[in-house]
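No lab work stands behind these numbers, since they all come straight from the coordinates. Since this is a predicted model, take the numbers as computed values, not measurements. When we count neighbours, we look across all protein chains shown, and the Cβ atoms used for this are built from the backbone with ideal geometry, even at glycine.
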Amino acid sequence: MSSEKKEAAGPSDFIRDIVAKHVAERKYPQIHTRFPPEPNGYLHIGHAKSICLNFGIAREFGGICNLRMDDTNPTKEEVEYVDSIQEDVNWLIAGWADQNLGLKEKGKTPEMIASNGTRDFYLKASVGAVPKTGAGKTAVEPFYASDYFDQLYEYAEELIRKGKAYVCDLTPKETDEYRGAPDRPGKDSPWRNRSTEECLDLFRRMREGEFPDGARSLRAKIDMASPNIWLRDPLLYRIRHAEHHHTGPKWRIYPLYDFAHCLSDYLEGITHSICTLEFEVHRALYDWILENLELPRPLPKQYEFAKLIPGYMIVSKRKLIQLVNEKIVAGWDDPRLPTISGIRRRGVPASALRKFAMGVGVTKYISVTDIALYEHAIREELNKIAQRRLAVLRPIKVVITNYPAGQVEELDAVNNPEDDAAGKRKVPFSGELFIERDDFMENAAPKFFRLRPGGEVRLKYAYIIKCEEVVKDEGGRIVELRCRADLDSKTGGATANRKIKGTIHWVSAAHAIDAEARLYDRLFTEVEPEKDGRDFKAVLNPHSLEVVTAKCEPGLRGATAEERYQFERLGYFALDKESAQGKLAFNRTITLKDTWAKESVKKA
RNA sequence: UGCCCGAUGGUGUAACGGUAGCACAGCAGACUCUGGAUCUGUUUGUCAUGGUUCAAAUCCAUGUCGGGCAGCCA
């Protein structure tokens, strides 16, 4: 296959191979996947991989991917999370797979249909829609596992009637003891052979709220001696006197993941249920439930892949919450966090996140992904679209001694050398400038290409200057550089083609505007912050955020949140949401590759 | 010492019995009014041992190492 063809065909991996085979066999009328987060936290970069996989497959095979809240545990879930999940998914797939996003009409629950002569439930997705509540639009919303509680309850009774499930009175502790251990079989619950009638009666009374939490449970009757722990009469329902964020006070019993998930997939007509490796051992149970219910339509199948573990990040929900609660970061969307909202706020384009998530591939091999892959994807994307601007992060004053006092020139500056269509803009130049403190070295190393006493450097888009005097204060700190410009060397001028090794950025002191620049770096100093159970707080990077006041070219006054900027020679920046009129704040998404920094480190 | 899964350069992956390829990172160079970008070249790899085969990263066996599973979490 040629590389071009391969590109058009999308990535290839073992799951897509399976799907492609099913498509070729016409096994299903349409490929249907789903992305089913539990709304108990914010989505992070790991979810991005799952989203790209599930929506990517739908997109590549002309299918649908449902967004579903896997909300079967009322004590952990909140609407705040539902909203953020929806927002994050929309952002990530916008312009890429929105036409494959499966949602449903607001308030709709599964409908009773007749399939192959039997009673059946089904909830169709409405595709190509984004959540809209405006007048005249059909209101749509994500799927919710909790919308299936009625059907799930019926399926549970059906299992009881078939003698495949029973109400068990063992306490949680006893249940645990009866389960045995991986290398030791469990033993049957004394309630295992309770009559169907009694089970039905008890289960109904559980639903009515007659018993306290933990008093009874509904269990599948499988095999207490199974080598697979999840087949040792797993719990299907537990009693929980708790209000649910979506169903309110209606229920006192809630289904567990294993019971709810496979059936939710079935109800939505999912064909390929893709999840992470830790559910591999649950697959037998997933199949068992569906098969024992003898459902009329084709059954969904579960496939597992290795989740993303990016270096220098933590992704565990518990730890993320800890960072937020202990105010180590500024909130769920802190730009240092690997949450999708943090990544977005940092200025990473959705296309870059997707590129990364697709690029890491899909396998069953668990590994730590090099953060360089992530950073490369971001730079590659930003390089193509970012508007170049001049800004000085740590200014030092430069006076051009031979430049006419009071003169101001409007110089042409290229907006994006990667894109001619981006055009040019004017940047004011004058005899008093700011340059980057790092771009001057009093005792420069031989390969330092920038400004040094007596040395020359090119000011980007402007003149070549020579440093003639270094002015210091009483403390010996450099306060000003007095330089002489080669006035013929201006871009387009007589000596414009003189070869000067270094080119630096600058801003005109009188015209510069101030902006807060938030310089973000990785949050941790170790690739695996939690390696060997170490406290991740011990390896926090103390320099993960540095805030400076940058001197910016005046054009940046009109910066927008949508636009991406490259501050030349420094990095990519995005306007933060906290920016207000007259008070600009930029987040540094990522630095430019810096070979000089690497070089100087090598020497040290 | 139970069951399940996995192992290809430093990292992520491809090769589906027939030349171990790609990307990142690294290194060297070219070019450059961004030490950016781009371009060229390049170092490094099939966990081990047997077996099947004309031919094995691929199939089989054994071993080693790593991971998952004993929530009324998902």
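The table that follows gives values for the structure above.
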{"quantity": "Failed condition for residue A:534, given (1) within 16 Å of RNA strand B (Cβ to nearest atom); (2) in contact (Cβ under 8 Å) with a residue 24 or more places away in the chain", "calculated": "(2)"}
{"quantity": "Selected residue [in contact (Cβ under 8 Å) with a residue 12 or more places away in the chain and under 37 Å from the mean Cα position of the chain (by Cα)] from A:215, A:225, A:242", "calculated": "A:242"}
{"quantity": "Selection within segment A:282-308 - within 15 Å of RNA strand B (Cβ to nearest atom) and surrounded by fewer than 16 Cβ atoms within 10 Å (Cβ to Cβ)", "calculated": "A:284, A:287, A:307"}
{"quantity": "Whichever residue in segment A:258-278 is crowded, with 18+ Cβ neighbours inside 10 Å and either among the aliphatic types (A, V, I, L, M) or more than 26 Å from residue A:113 (Cβ to Cβ) (or both) and, among such residues, is nearest to RNA strand B (Cβ to nearest atom)", "calculated": "A:260"}
{"quantity": "Search result, residues across segment A:564-604 that are of a type in the set (D, E, K, R), over 15 Å from residue A:515 (Cα atoms) and either away from RNA strand B (no atom under 16 Å from the Cβ) or in contact with a helix residue (DSSP H, G or I) (Cβ under 9 Å, 6 or more places away or on another chain) (or both)", "calculated": "A:564, A:569, A:593"}
{"quantity": "Scan of segment A:402-428 for residues that are surrounded by 15 or more Cβ atoms within 10 Å (Cβ to Cβ) and of a type in the set (Val, Ile, Thr), ordered by number", "calculated": "A:414, A:427"}
{"quantity": "Leading residue by the ranking (farthest from RNA strand B (Cβ to nearest atom)) among those in segment A:12-49 that are over 16 Å from residue A:299 (Cα atoms) and aromatic (Phe, Trp, Tyr)", "calculated": "A:42"}
{"quantity": "Boolean, residue A:576 is over 20 Å from the mean Cα position of the chain (by Cα) and under 21 Å from residue A:323 (Cβ atoms)", "calculated": "no"}
{"quantity": "Pick from segment A:329-375, criterion among the acidic types (Asp, Glu) and within 24 Å of residue A:576 (Cα to Cα), ranking: nearest to RNA strand B (Cβ to nearest atom)", "calculated": "A:375"}
{"quantity": "Selected residue (criterion: surrounded by the fewest Cβ atoms within 10 Å (Cβ to Cβ)) from residues of segment A:429-449 that are of a type in the set (D, E, K, R) and part of a loop (DSSP other than H, G, I, E, B)", "calculated": "A:447"}
{"quantity": "Strands (runs of 3 or more DSSP E) fully within segment A:450-511 counting 3 or more residues that are of a type in the set (Asp, Glu) and at negative phi", "calculated": "none"}
{"quantity": "Some residue of segment A:150-173 being assigned to a loop (DSSP other than H, G, I, E, B), within 13 Å of RNA strand B (Cβ to nearest atom), surrounded by fewer than 18 Cβ atoms within 10 Å (Cβ to Cβ) and of a type in the set (D, E, K, R)", "calculated": "yes"}
{"quantity": "Residue within segment A:340-350 that is under 28 Å from residue A:273 (Cβ atoms) and free of Cβ contacts under 8 Å to residues at least 40 places away in the same chain present", "calculated": "no"}
{"quantity": "Residue A:379 vs. criteria near RNA strand B (Cβ under 8 Å from one of its atoms), surrounded by 19 or more Cβ atoms within 10 Å (Cβ to Cβ) and in contact (Cβ under 8 Å) with a residue 60 or more places away in the chain", "calculated": "yes"}
{"quantity": "Count of residues meeting criterion [outside any strand (DSSP E or B), more than 9 Å from RNA strand B (Cβ to nearest atom) and within 16 Å of residue A:202 (Cβ to Cβ)] in segment A:213-232", "calculated": "1"}
{"quantity": "Some residue of segment A:291-304 being under 30 Å from residue A:373 (Cα atoms) and touching a Leu at 6+ places or on another chain (Cβ under 6 Å)", "calculated": "yes"}
